[in-house]
Amino acid sequence: MTTLAADSKAASPGEAHGIAFTEALAVWLRVAILSFGGPAGQIAVMHRILVEEKNWISEARFLHALNYCMLLPGPEAQQLATYIGWLLHRTVGGVVAGGLFILPGVVAIMALSYIYAAYGNVGFVEALFFGLKAAVLAIVIQAVVRIGKRALRNRVMIAIAAIAFVAIFFFAAPFPLIVVAAGVIGYIGARLDRPEFAALEHGGKNPAAIDSMLDEAVPEHVRPSASRALRVGAIWLALWLVPVTALLVGLGPSNVFSQIAIFFSKMAMVTFGGAYAVLAYVAQQAANYYHWVEPREMLDGLGMAETTPGPLIMVVQFVGFMAAFREAGELSPMLAGTLGGLLATWVTFTPCFLWIFLGGPYIETMRGNKALAGALSAITAAVVGVILNLSIWFALHTIFRQTFPVQGFGLSFDAPALSSVDWAALALSIAAATAIFRFNVGMLVVLAASCITGILLRLTGII
């Protein structure tokens with residue numbers, strides 16, 4: 001681990017930006033504790049603290065990093081924290097920023113998974129999660145609106161988002177194909193100097209600490225280097241894949257731990273668009289193929305992730321927990337669940353550090369490239385369509401008790417059985433959405449009120 005050791009030594013108060021590592025540590029812990037509300041809320045928290053309050057990074061560079069992270073598989077908010085931490089204090093800074101970002105969620109989701117596994121079928125707990133699901137639906141819709149306002153700044157971007165939604169919802173188009181198509185459109189549009197694809201100049205305080213450091217002299221860790229790339233790739237690939245290989249060899253491919261390791265490793269490579277896009281894929285595979293969880297249990301897991309700090313993709317820990325809990329073998333179910341949840345978390349997040357540390361130096365050299373900016377802008381618009389797809393998927397499984405597949409003429413989607421509408425869930429979802437959109441009620445207040453309402457509905461016999 002010489003890379004980490006060397007970078008730890010370099011991560012000192014003597015950095016050119018003048019930000020002490022201890023100061024950054026306190027700020028990253030604060031970001032982690034406040035990282036509620038999914039990627040939209042988490043990105044907003046980082047923007048407020050790092051751009052507006054601390055002036056550590058300019059808005060233009062912040063958005064450049066965000067667009068790169070949205071292009072990657074995995075949770076863009078956690079990767080954005082890793083990226084900025086890496087810019088500030090090298091590899092150790094990225095590990096601390098990205099690790100702290102998920103640590104509170106790891107602890108909280110594990111505790112909630114214990115409760116759910118032990119008492120999930122008890123009326124009180126069911127009622128609690130009934131209320132959570134209605135609030136989660138409203139929060140997901142809010143994410144569509146907030147991200148859409150930032151990304152869909154003209155008719156071309158709106159059209160890209162609409163096409164992406166139709167392709168993924170009605171025709172089950174693979175997300176990588178949507179990403180590539182949007183990127184090509186944006187790249188060509190920018191090369192043709194179309195104003196719709198031009199990168200927006202963002203103001204803010206000047207000069208920001210990171211920008212000043214990079215303007216004066218590019219630090220060694222930000223410079224692209226083939227030898228460094230090979231070293232970084234070898235270290236992080238080993239951390240990621242050695243445990244997976246050991247499980248396959250030791251337990252065999254049919255063992256639940258091997259399946260968890262393979263599935264979530266594959267997810268880390270082939271799913272794009274951040275947490276909302278990933279969750280649709282995880283839910284479909286975990287519920288329909290592996291039968292680890294039911295669709296409604298997946299929503300319960302998302303409710304846990306929504307109520308705790310950290311990325312929404314932390315729901316994978318819940319899925320891994322329930323999978324191993326139900327196929328514990330000779331282990332106690334709770335111990336098996338604990339190991340399954342931690343394994344899912346490890347193979348999901350380890351690749352995130354690989355993408356940032358390997359690609360970061362090359363992305364920094366591309367700042368100001370108009371063609372790349374156009375491609376990233378178009379991809380961001382396509383992601384909005386994917387998030388809309390997920391919000392509708394959640395709505396179907398929250399408001400309706402039954403859905404049925406529609407296939408033919410290239411179509412492939414789930415339609416609701418209208419007679420199965422859950423009127424209590426519909427009313428509670430509308431109330432949560434009204435509180436958020438009309439009265440600007442905070443997310444935690446809406447979540448708490450929805451949970452209490454769910455319990456009251458159970459006590460009165462309505463659900």
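The values are calculated or read from the model by the stated rules, or taken from the named source; none is laboratory data. Everything numeric in this text was worked out from a predicted model, so none of it was measured. Using ideal geometry, Cβ is built from the backbone for each residue, glycine included, and neighbour counts are taken over all protein chains shown. Just the protein is used for accessible areas: all its heavy atoms, side chains included, with ligands, DNA and RNA removed. Shrake-Rupley method; radii C 1.70, N 1.55, O 1.52, S 1.80 Å.
Of note:
- In the stretch 408-429, the residues that are under 12 Å from F130 (Cβ atoms) reach residues that are part of a loop (DSSP other than H, G, I, E, B) with C-beta atoms within less than 8 angstrom, at least six apart or across chains, in these pairs: D422/R401; A424/I462; A424/I463.
- Filtered by the rule that a residue be surrounded by 13 or more Cβ atoms within 10 Å (Cβ to Cβ) and not hydroxyl-bearing (S, T, Y), the stretch 418-432 gives V421, D422, A424, A425, L426, A427, L428, I430, A431, A432.
- Considering each residue of the stretch 50-73 in turn, at least one proves to be closer than 27 Å to V180 by Cβ and either assigned to a loop (DSSP other than H, G, I, E, B) or in contact with a Cys (Cβ under 7 Å, 6 or more places away or on another chain) (or both).
- The condition of being closer than 30 Å to S419 by Cα, out of contact with any strand residue (DSSP E or B) (no Cβ under 9 Å at 6 or more places or on another chain), buried (at least 24 other Cβ atoms within 10 Å of the Cβ) and of a type in the set (A, V, I, L, M) holds for only one of I379, I356, I392, I387, that being I387.
- Every residue from the stretch 199-225 that is in a helix (DSSP H, G or I), at pLDDT 80 or above and charged (D, E, K, R): E220
- Pairs, first farther than 13 Å from F129 by Cβ and among the aliphatic types (A, V, I, L, M) in the stretch 444-457, second at pLDDT 90 or above and buried (at least 20 other Cβ atoms within 10 Å of the Cβ), C-beta under 9 Å, six or more apart: V446/A432; A449/A432
- Listed by position, the helices (runs of 4 or more DSSP H) inside the stretch 81-198 whose residues that are touching a helix residue (DSSP H, G or I) at 6+ places or on another chain (Cβ under 6 Å), open to solvent by 20 Å² or more (accessible area, probe 1.4 Å) and farther than 28 Å from T345 by Cβ number at least 2 are 155-170, 175-191.
- Extreme residue, farthest from the chain's Cα centre (by Cα), among residues of the stretch 23-60 that are modelled with pLDDT under 85 and charged (D, E, K, R): E52
- For the stretch 100-136, residues that are aliphatic (A, V, I, L, M) and over 30 Å from F353 (Cα atoms) total 10.
- N440 satisfies every condition listed in (1) touching a residue at least 12 places away in the same chain (Cβ under 8 Å); (2) open to solvent by 10 Å² or more (accessible area, probe 1.4 Å) except (1).
- The stretch 415-445: number of residues that are at pLDDT below 90 and in contact with a strand residue (DSSP E or B) (Cβ under 8 Å, 6 or more places away or on another chain): 0
- Residue match in the stretch 319-335 (condition: closer than 26 Å to T91 by Cα and of a type outside the set (K, R)): no
- Qualifying residues in the stretch 211-256 (those that are over 30 Å from A65 (Cα atoms) and among the hydroxyl-bearing types (S, T, Y)) - the one nearest to the chain's Cα centre (by Cα): T245
- Any hit, the stretch 399-416, residues being open to solvent by less than 60 Å² (accessible area, probe 1.4 Å), in a strand (DSSP E or B), under 16 Å from V136 (Cα atoms) and among the hydrophobic types (A, V, I, L, M, F, W, C): yes
- Qualifying residue in the stretch 449-461 (condition: among the basic types (K, R), open to solvent by 50 Å² or more (accessible area, probe 1.4 Å) and within 24 Å of V45 (Cα to Cα)): no
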